[in-house]
């Protein structure tokens with residue numbers, strides 16, 4: 001009541017009881033408790049949970065507020081590195097970052113591949129967007145964070161063969177991209193570890209886990225973001241299972257990319 005500036009009379013009106021009822025509860029030193037309806041009315045009026053009001057919880061937030069704190073939804077604009085993603089990377093610097101991309105990870109793409117992919121949606125601003133994002137991509141590559149990236153085997157196979165999403169990617173660009181992945185692996189391993197898993201055996205939605213801070217599931221136009229440790233832990237365990245059951249481990253990636261490059265046809 002003191003924190004919200006609520007008087008006994010105001011609380012009594014909000015709860016629908018006499019002022020004397022509130023007064024008696026506040027003055028009582030015995031085990032006297034109000035009925036459930038009065039507890040609920042007072043909790044609602046004061047903006048706290050009924051459990052906290054009764055001393056059964058250390059968290060004063062109401063259930064809806066706890067859900068809002070543990071989960072949120074943010075916009076996912078069509079951009080190489082949007083503000084949300086970059087801020088999460090900076091906040092999680094020093095922690096292990098785990099990532100299942102929607103396709104090939106932007107931070108591992110060549111400039112030419114970025115142009116091919118983003119030109120249809122960004123049009124004339126593609127060059128500007130690529131240049132503006134390059135510093136952010138470089139920061140993410142050089143950050144003091146370990147990166148584990150799990151990519152489904154069909155994604156790289158489709159890329160090498162220019163199928164599906166990658167239809168129309170020139171063969172020279174595909175070869176250069178595979179070579180670029182191999183070079184990055186050679187330069188950054190073991191701080192960058194890439195695993196290839198079979199989504200027919202174990203499926204995963206696109207997800208990023210920023211240490212113990214948050215986990216974000218990509219759903220297209222938005223990120224579904226979890227802040228509570230239980231959900232972050234559950235999603236982390238899911239990612240760790242992808243790593244354990246990977247068809248190609250990070251150590252085996254160079255050989256896999258070399259074999260994949262042979263499937264690139266003009």
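Quick notes
- Measuring nothing but how far apart in sequence close Cα pairs (under 8 Å, 6+ apart) lie, relative to its length, the stretch 72-261 scores a relative contact order of 30 percent.
- On Cα atoms only, tilt of 111-122 relative to the major axis of the chain in degrees: 60 degrees
- For the stretch 85-128, the Cα gyration tensor yields ellipsoid semi-axes of 25, 13, 9 Å (square root of five times each eigenvalue, largest first, whole Å).
- Taking 0.36 nm per residue of separation and subtracting the current Cα-Cα distance, fully stretching the chain between residue 27 and residue 251 would add 73.7 nm.
- Tail fraction, Cα-Cα pairs, the stretch 8-60, threshold 17 Å, whole percent: 33 percent
- Between 0 and 90°, nearest 10: helix 36-46 axis offset from the chain longest Cα axis: 70 degrees
- The helix-only estimate of mean residue ellipticity at 222 nm for the chain, built from DSSP H runs of length n ≥ 4 each weighted as -39500 (n - 2.57), is -14500 deg cm²/dmol after division by the residue total.
- Overall form of the stretch 117-205 per C-alpha gyration tensor (a/c, 1.5; a/b vs b/c): oblate
- Considering only beta bridges that DSSP places wholly inside the stretch 72-261, some 65 percent are antiparallel.
- Whole-number D in µm² s⁻¹ for the chain, Kirkwood Cα-pair radius fed into Stokes-Einstein, 10 °C, 1.306 mPa s: 72 µm²/s
No lab work stands behind these numbers, since they all come straight from the coordinates. Predicted, not measured: the structure shown is a model, and the values here were computed from it.
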